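Every number in this text was worked out from the coordinates using simple rules, so none of it is lab data. Owing to the predicted nature of the structure, the values given are computational and were not obtained by experimental measurement. As a convention, Cβ positions derive from the backbone with ideal geometry for all residues, glycine included, and neighbour counts pool all protein chains shown.
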Amino acid sequence: MTFFNEQICDNENVIECYQSFLKRVAEQQEECIDIEINIPFQEQLKMYNQINENTFNQIWDFNSSADYPDFNINGKYLKFLEKFGKKNIIIEQYLDRYMSCRCTSVPFFSIVIYLEDFDEQGSRRVKYIYEDYDVEDERIQLAIAIHYLILNDKFERHRKMLNP
């Protein structure tokens, strides 16, 4: 989490930092503009190398066909989310959605920021989920950090494939 916090925080309170980061990403998503997580990819790769291999493998799994990390389905991190989700509805829903598609792709990403549905009259309603995150809870901070590190990795690898 330290790496992620250093990348997204500019000497501000960590709680305010997470709130403003999530708000910024939500605004980008809603406006359908490119999502800029703004984490230097080379620094992220260095961070991967600093993590104990066993710890890394409990969180992430590199999909050999796609060459990017995703959650290790059998790892301790997903077990942590499952246990934490019994006490936190947002994490429970996050994990349920992940397990239903086994992906942290861009469509999945929008679910993390907001839910969109329609009222009885057919009008669009948006509920910003990030506003309900208890970002004071370090477990929530950890889930946010890992989620956005995965997305940043996928975005950057995809950009490199498109622009070799």
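Observations, loosely collected:
- Residues whose amide H lies under 5 Å from that of Tyr68, counting only those 5 or more places away or on a different chain, are Asn63; hydrogens are built 1.01 Å from N in the peptide plane.
- Two-decimal log10 I(q)/I(0) for the stretch 39-96, as the Debye equation yields it once each C-alpha is a single scatterer, q = 0.21 Å⁻¹: -0.89
- Linear extension gain, Glu120 paired with Asp134, 0.36 nm per residue minus alpha-carbon span: 2.0 nm
- Each other residue within a Cβ distance under 12 Å of Ile146 adds +1 if Lys or Arg and -1 if Asp or Glu, for a net charge of -1.
- When the Cα convex hull of the stretch 16-57 is projected onto planes of every orientation, the mean area is 4.2 nm².
- Relative compactness, the stretch 1-104, computed as alpha-carbon Rg over 2.2 N^0.38 Å: 1.19
- Mean Cβ neighbour count within 10 Å, used as a protection proxy, ranking 147-157, 2-12 highest first: 147-157, 2-12
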